[in-house]
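Enquirer: Supplied in structure tokens, the structure appears directly below.
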Amino acid sequence: MDTIGLLRMPIGNLQSAWNALYELGFDPEMVDENSDFDGLSHLIVPGVGNFKAVMEHLESKGLPKIIRDFAATGRPTLGICVGMQLLATTGTESGSTEGLGFVNATVDRLPGGKGLPLPHVGWSTVDFRRDHPVTENVKQGRDFYFVHSYAMHCSDEKNVIGLTGYGTDFASIVSADNVVGFQFHPEKSQANGLKLLENFCHWDGTC
């Protein structure tokens, strides 16, 4: 059985993500800077909150290097919500902040506007732009559950697996080799979200 590591964060969707993985038949491990990452087959970086604050927390624990070193081995790595945003090169929330740099992208505030309140909360459609192992057997045009005010815009379309519109089109699923990200919460997105999580947990990191 694969060993799924769930990175412990001060705030976030940890328990709901752990519950979803457990219900899928996995025994996820909560991990932090003191854990043995060598024993993990997969790593999930969840997150809710402010890009800058979460990145500063990771930096204070020495976790960016640990995450980058883990991904460099080719093992599957997933970011959820702010965890996905951290995969970018730069985030602009509360000032420009360097991200983990897996995806050449910037995370900017959504435009919002009349009829489009921020944060963007609720169900929105994800348009799959190309095939990927994590989206296998999930039909095109399904809705997933979002909670966010900032979103990722990629410099290279090859990194975009899914697009969603909310005042502007933004990347809602991204990929860079063995690293993937979901802007929405798959663990709160019913059957389709759980299928994405299951696909990730069975993925070997190759495309």
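Enquirer: Does the stretch 119-207 come out rounded, prolate or oblate, given a ≥ b ≥ c as the square roots of the eigenvalues of its C-alpha gyration tensor, rounded meaning a/c under 1.5 and, failing that, prolate meaning a/b above b/c?
Expert: Here the stretch 119-207 falls in the oblate category.
Enquirer: Follow-up. If you take the square roots of the eigenvalues of the alpha-carbon gyration tensor of the stretch 20-136 and sort them as a ≥ b ≥ c, do you get rounded (a/c under 1.5), prolate (a/b over b/c) or oblate?
Expert: The shape class here is oblate.
Enquirer: So, with +1 on the Cβ of K and R and -1 on the Cβ of D and E, and no other charges, what is the size of the charge dipole of the chain about its Cα centre, to the nearest 20 debye?
Expert: With Lys and Arg at +1 and Asp and Glu at -1, about 620 debye.
Enquirer: Sticking with this one: Choose one of PRO46, PHE70, SER35: the residue whose Cα lies farthest towards the positive end of the charge dipole of the stretch 33-78 (beta-carbon charges +1 Lys, Arg; -1 Asp, Glu; about the Cα centre).
Expert: PRO46
Enquirer: Looking at the stretch 1-111, what % of its DSSP beta bridges pair antiparallel, to the nearest 5?
Expert: Of those bridges, close to 15 percent are antiparallel.
Enquirer: Taking the chain as a Gaussian network, where each spring joins two C-alpha atoms under 10 Å apart, which residue of GLY74, GLY193, GLY162 fluctuates the most?
Expert: Most flexible of the set in this elastic network: GLY74.
Enquirer: Taking a ≥ b ≥ c as the square roots of the eigenvalues of the Cα gyration tensor of the stretch 53-207, is the shape rounded (a/c under 1.5), prolate (a/b larger than b/c) or oblate?
Expert: Verdict is oblate for the stretch 53-207.
Enquirer: Excluding LYS61 itself, what net charge comes from residues whose Cβ is under 15 Å from its Cβ, given Lys and Arg +1 and Asp and Glu -1?
Expert: -2
Enquirer: Sticking with this structure for a sec: Hey, with R₀ at 22 Å, roughly what FRET efficiency would LYS158 and SER96 work out to, going by the Cβ-Cβ distance, to 0.05?
Expert: For LYS158 and SER96, the calculated efficiency is 0.35.
Enquirer: For the peptides 103-109, 168-174, 137-143, what is the packing order when you average, over each peptide's residues, the other Cβ atoms within 10 Å and list the highest mean first?
Expert: 168-174, 103-109, 137-143
Enquirer: Net charge near SER124: determine it from the other residues with C-beta under 15 Å of the C-beta of SER124, scoring Lys and Arg +1 and Asp and Glu -1.
Expert: In short, -1.
Enquirer: Which entries in the list LYS65/LYS158; LYS65/LYS139; LYS61/LYS188 go over 32 Å, if you measure between the two C-alpha atoms of each?
Expert: Over 32 Å apart, Cα to Cα: LYS65/LYS139.
Enquirer: Summing +1 for each Lys or Arg and -1 for each Asp or Glu, what net charge is found among the other residues whose Cβ lies under 12 Å from the Cβ of PHE51?
Expert: Net of charged neighbours comes to -2.
Enquirer: Also, I was wondering about something else. Could you work out which residue, out of VAL48, VAL121, VAL134, moves most in a Gaussian network model of the chain, that is, has the largest mean-square fluctuation with Cα springs under 10 Å?
Expert: VAL121
Bear in mind these aren't lab numbers, they're just calculated from the coordinates by the rules spelled out. No experiment lies behind these values; they were computed from the predicted model shown. All Cβ positions, even for glycine, are placed from backbone atoms using ideal geometry, and neighbour counts span all protein chains on display.
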